[in-house]
Amino acid sequence: MNSRLLSEPPNDRELDVADNVRVQQMRTLFEGGAVATVAATLFAFAMAYHMQGEVTNDALITWLAVKCVVALPRIVHTMLFARGPKNALRWLNEYRLLLLLDGLAWGSAALMLMPANESDVTVLVATLCGVATISTFNIHGDWRSCVLFVVPMLAPLIGSLLLRFDAFGLYGGGAVLCYLYLLLSAARRSERRV
């Protein structure tokens with residue numbers, strides 16, 4: 001990697017094409033990141049509100065606390081990026097780590113909040129798949145970031161559904177698995193075009 005990427009401002013003529021493309025991909029990841037994270041956190045609260053009475057309040061409060069603790073650094077990181085040098089690729093590794101943690105927080109909902117009632121399971125599935133879709137639209141420029149966020153979010157959901165060992169769970173788990181494959185395939189194609 002070109003060490004000049006860490007200085008400000010970059011001279012595009014000094015950057016080789018691959019590094020310049022990578023910098024632009026990274027910049028697209030941060031556009032609207034704070035707003036998207038806040039919106040996703042509001043969806044987390046809406047889902048938790050809907051799940052009241054189906055899972056314990058302790059589980060809901062614990063999950064929401066974890067979700068908020070993980071979301072806050074993502075918001076701050078995005079805001080700091082907006083103020084700092086936008087060509088430093090070191091931001092990307094930090095961003096990916098924060099995405100992974102946030103994906104794990106979302107995925108833990110499938111472990112902590114999985115209700116027995118099929119209609120409430122549908123709310124959980126719809127919320128996680130919706131957040132995964134919207135996030136993929138926002139981070140499609142970097143396939144690795146997408147994988148680090150979406151797989152930890154949906155893999156526990158797929159596992160929890162399949163482990164129900166009933167027709168609903170097998171169908172739901174298989175459908176979400178297909179959805180995950182298609183989502184990541186679309187993100188991969190999109191990254192190649194960016």
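If you go through the range 184-191 one residue at a time, do you hit one that is touching a residue at least 12 places away in the same chain (Cβ under 8 Å), open to solvent by 30 Å² or more (accessible area, probe 1.4 Å), among the aliphatic types (A, V, I, L, M) and closer than 22 Å to Phe43 by Cβ? Yes: one or more hits. Residues in the range 136-153 that are more than 10 Å from Arg96 (Cα to Cα) and under 10 Å from the mean Cα position of the chain (by Cα): Thr136, Asn138, Ile139, Val150, Val151, Pro152, Met153. Of all residues in the range 37-48, those being in contact with a helix residue (DSSP H, G or I) (Cβ under 9 Å, 6 or more places away or on another chain) and open to solvent by 30 Å² or more (accessible area, probe 1.4 Å) number 5.
Report whether or not Glu191 is more than 15 Å from the chain's Cα centre (by Cα), among the acidic types (Asp, Glu), in a helix (DSSP H, G or I) and modelled with pLDDT under 95. Give the derivation first.
Details: more than 15 Å from the chain's Cα centre (by Cα): yes; among the acidic types (Asp, Glu): yes; in a helix (DSSP H, G or I): yes; modelled with pLDDT under 95: yes.
Considered against the rule, which asks whether it is more than 15 Å from the chain's Cα centre (by Cα), among the acidic types (Asp, Glu), in a helix (DSSP H, G or I) and modelled with pLDDT under 95, Glu191 comes out as yes.
Residues that are within 17 Å of Glu94 (Cβ to Cβ), hydroxyl-bearing (Ser, Thr, Tyr) and in contact with a His (Cβ under 9 Å, 6 or more places away or on another chain) occur in the range 27-42; there is at least one.
When Arg164 is tested against the conditions (1) open to solvent by 10 Å² or more (accessible area, probe 1.4 Å); (2) in a helix (DSSP H, G or I), the lone failure is (2). If we keep just the residues of the range 107-137 that are surrounded by 21 or more Cβ atoms within 10 Å (Cβ to Cβ) and in contact (Cβ under 8 Å) with a residue 60 or more places away in the chain, which is nearest to Asn57 (Cα to Cα)? In this case the residue turns out to be Leu113.
When each of Leu92, Leu80 is tested for being modelled with pLDDT under 95, buried (at least 17 other Cβ atoms within 10 Å of the Cβ) and out of contact with any strand residue (DSSP E or B) (no Cβ under 9 Å at 6 or more places or on another chain), the lone residue that passes is Leu92.
The values are calculated or read from the model by the stated rules, or taken from the named source; none is laboratory data. This is a predicted model, so every value here is computed, not measured. Backbone-built Cβ (ideal geometry, glycine too); neighbour counts: all protein chains shown. Each accessible area value is taken on the protein alone, full model and side chains, heavy atoms only, with ligands, DNA and RNA left out. Shrake-Rupley method; radii C 1.70, N 1.55, O 1.52, S 1.80 Å.
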